1. Quick one: which of 161, 227, 240 is in a loop (DSSP other than H, G, I, E, B), modelled with pLDDT under 60 and exposed (fewer than 15 other Cβ atoms within 10 Å of the Cβ)?
2. Among the numbered criteria (1) surrounded by 20 or more Cβ atoms within 10 Å (Cβ to Cβ); (2) closer than 23 Å to residue 49 by Cα; (3) touching a helix residue (DSSP H, G or I) at 6+ places or on another chain (Cβ under 9 Å), which one does residue 175 miss?
3. Would you confirm whether any residue within the stretch 76-87 is at pLDDT 95 or above, more than 22 Å from residue 150 (Cβ to Cβ) and touching a strand residue (DSSP E or B) at 6+ places or on another chain (Cβ under 9 Å)?
4. Quick check on the stretch 177-195. Is at least one of its residues at pLDDT below 90, within 17 Å of the chain's Cα centre (by Cα), at negative phi and assigned to a loop (DSSP other than H, G, I, E, B)?
5. If residue 72 meets every condition in (1) buried (at least 17 other Cβ atoms within 10 Å of the Cβ); (2) within 20 Å of residue 58 (Cβ to Cβ) apart from one, which number is that one?
6. Of the conditions (1) over 17 Å from the mean Cα position of the chain (by Cα); (2) modelled with pLDDT of 95 or more, residue 40 fails just one. Which one is it?
7. Any chance the stretch 209-223 includes a residue that's over 20 Å from the mean Cα position of the chain (by Cα), assigned to a helix (DSSP H, G or I), at pLDDT 60 or above and within 24 Å of residue 64 (Cα to Cα)?
8. Would you pick out the residues in the stretch 11-39 that are crowded, with 16+ Cβ neighbours inside 10 Å and farther than 25 Å from residue 188 by Cβ?
């Protein structure tokens, strides 16, 4: 376990004046066209990282879809916020160790719609087909999409989950989930890829190999050592 300094979130609270939603045949990507780009530093990160894009992974039903598991549990949808180290720029960062961080947010089923996802859900209807895109104005803030306690997370050094799967990523996997309704999650399964519906686009859980996985509890080291060791052990076991 490491006692990380607090994560510092900058511009996460500012509204995205215009975003571009795109179906690339593998997932749905959101990029910022107009508005302040969120930044993050602190925690396990070495440097300042700036928003590049966010995208989603999902499965054929509500029992699986996430690329990470906690306590053996899969989740129906996972959002990845990809950010690059400003020391390198977005393209060079994808080739350098520590060049990227991915903030991962898991979702859980809620009986009610998450109103913060209304604009995104509407946009999904406009990007049903491969290479289609839709400009979305006044999208809301990244804070609204990630309405969870961000003090509790796992972190490890790993790779991108899509080709070329470069080992350049500091992963930050938040423990608390974003609530979405069944219908909101189902909307992602209506997206098409070449040859049919994109019913699932998640990568199977990979072996942990010799990586270290750390858990940040958001409270003092002395009070959490036993819990942290247990949680890390569970996380390691489900990735082997």
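1. Every option except 240 fails the conditions.
2. (1)
3. Checked the stretch 76-87: no residue is at pLDDT 95 or above, more than 22 Å from residue 150 (Cβ to Cβ) and touching a strand residue (DSSP E or B) at 6+ places or on another chain (Cβ under 9 Å).
4. There is no residue in the stretch 177-195 that is at pLDDT below 90, within 17 Å of the chain's Cα centre (by Cα), at negative phi and assigned to a loop (DSSP other than H, G, I, E, B).
5. Among (1) buried (at least 17 other Cβ atoms within 10 Å of the Cβ); (2) within 20 Å of residue 58 (Cβ to Cβ), the lone unmet condition for residue 72 is (1).
6. (1)
7. No: zero hits.
8. Of everything in the stretch 11-39, those that are crowded, with 16+ Cβ neighbours inside 10 Å and farther than 25 Å from residue 188 by Cβ turn out to be 11, 36, 39.
The values are calculated or read from the model by the stated rules, or taken from the named source; none is laboratory data. If you're wondering where the values come from, they're calculated on a predicted model, not measured in any experiment. Neighbour counts are summed over all protein chains in view; Cβ atoms, including those assigned to glycine, are modelled from backbone coordinates with ideal geometry.
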